[in-house]
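Notes to accompany the following structure.
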Amino acid sequence: MTIRSFDQELRFSDKNLRLTDGYSRPKFHNVGARDWLCFRLDLFSSLTFAFSLVFLISMPKGMIDPGIAGLAVTYGLNLNMLQAMVIWNLCNVENKIISVERIFQYMRIPSEPPLVLENHKPGHDWPTQGEVDIRDLEVRYAPHMPLVLRGVTCIFPGGMKTGIVGRTGSGKSTLIQTLFRIVDPVGGQILIDGVDISTIGLHDLRSRLSIIPQDPTMFEGTLRSNLDPLGEYNDEQIWEVCVFHIAPSDVYRWACSVRHLLFLRTDSIFNTHGAHLWL
Ligand SMILES: Nc1ncnc2c1ncn2[C@@H]1O[C@H](COP(=O)(O)OP(=O)(O)O)[C@@H](O)[C@H]1O
Ligand SMILES: [Mg+2]
């Protein structure tokens, strides 16, 4: 529908064909290489078999037991299959050993800071005001990459709605990620209500802040688990929030019917890899 309404069928089909070609190209080479290998293996085993037959026939009479010669020929018939199996297994090992390589690579990735630091726990009701004090913040995504935030200093007062404006790539998302310590700053500090967020555990920090992401992506699981990922509230409390804060009163009845869907059938709403929620 969207493609048609923008009159882009040709571009769409062109791109589709180009992508299909791109997808098939390595497959074609793969099949070609495999067939070429099989052909050469068959040729090799046939030559070996022919050579051994000639050898057996040309032996002087009585030098080799005819029974043994027959057995050798019977085994020789399987030669091409055995050879193909050996090569196949060798290739398989070579392919699968990449998994071991990948595990070694993952083992070298530095792990995240601890989730909870017992001797640096923030207060039970932290943050009370929500004042975010950013001091000379410097962030980069990797040691060899340039700084994305270069010495940002500002204060977001608590209890206020603050907007951050900037062109694409100016670092707005990076600042939010730094607040959640998805990326740790290389310099400077962020204080939320006077607590330096780099000194507390990741779980303590992330469980006290909320984020509404740009894309309406649902995580794998039920709608309920998406609304309350930490399982801290019961169905009634979540329902109250949905009805009184999200659903306008005139769709109340509609909401009642989906309530059945949301909470009573909580087992099969979002399956593999998450989904988009359109309401
Ligand atoms: N995961 C990442 N790895 C490396 N560089 C990144 C990553 N995410 C963003 N950047 C870079 O950081 C800069 C700021 O990006 P971003 O914070 O996404 O900007 P905004 O949200 O304001 O559009 C950009 O130059 C971008 O290329
Ligand atoms: Mg962004």
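Among residues of segment 172-199 that are without any contact (Cβ under 8 Å) to a residue 12 or more places away in the chain and assigned by the TED database to the domain that holds Thr153, those with a Cβ under 6 angstrom from a residue that is away from ligand 2 (no atom under 16 Å from the Cβ) and in a strand (DSSP E or B), sequence gap 6+ or separate chain, pair up as Asp196/Gln189. Does segment 191-207 include one or more residues that are within 16 Å of ligand 1 (Cβ to nearest atom) and assigned to a loop (DSSP other than H, G, I, E, B)? The answer is no, given that none of the residues of segment 191-207 is within 16 Å of ligand 1 (Cβ to nearest atom) and assigned to a loop (DSSP other than H, G, I, E, B). Summed over segment 149-181, the residues that are out of contact with any helix residue (DSSP H, G or I) (no Cβ under 6 Å at 6 or more places or on another chain), in a loop (DSSP other than H, G, I, E, B) and within 13 Å of ligand 2 (Cβ to nearest atom) give a count of 6. Taking residues in segment 152-170 that are in contact (Cβ under 8 Å) with a residue 12 or more places away in the chain, and partners anywhere that are more than 10 Å from ligand 1 (Cβ to nearest atom) and among the basic types (Lys, Arg), the pairs with Cβ atoms closer than 8 Å and at least 6 places apart or on different chains are Thr153/Arg135. I need the full set of residues from segment 192-226 which are surrounded by 17 or more Cβ atoms within 10 Å (Cβ to Cβ), touching a strand residue (DSSP E or B) at 6+ places or on another chain (Cβ under 9 Å), hydrophobic (A, V, I, L, M, F, W, C) and under 20 Å from Phe156 (Cβ atoms), in order please. Result: Ile192, Ile197, Leu205.
Does Asp193 satisfy the condition of being under 22 Å from Ile212 (Cα atoms) and more than 16 Å from ligand 2 (Cβ to nearest atom)?
For Asp193, the condition - under 22 Å from Ile212 (Cα atoms) and more than 16 Å from ligand 2 (Cβ to nearest atom) - is met.
A single entry from Met107, Met85 fulfils the requirement of being closer than 30 Å to Ile182 by Cα and at pLDDT 90 or above: Met107.
The values are calculated or read from the model by the stated rules, or taken from the named source; none is laboratory data. As the structure is a computational prediction, the values presented were derived from the model and not from experiment. A quick note on method: Cβ atoms are made from the backbone with ideal geometry, for glycine too, and the neighbour counts reach across all protein chains shown.
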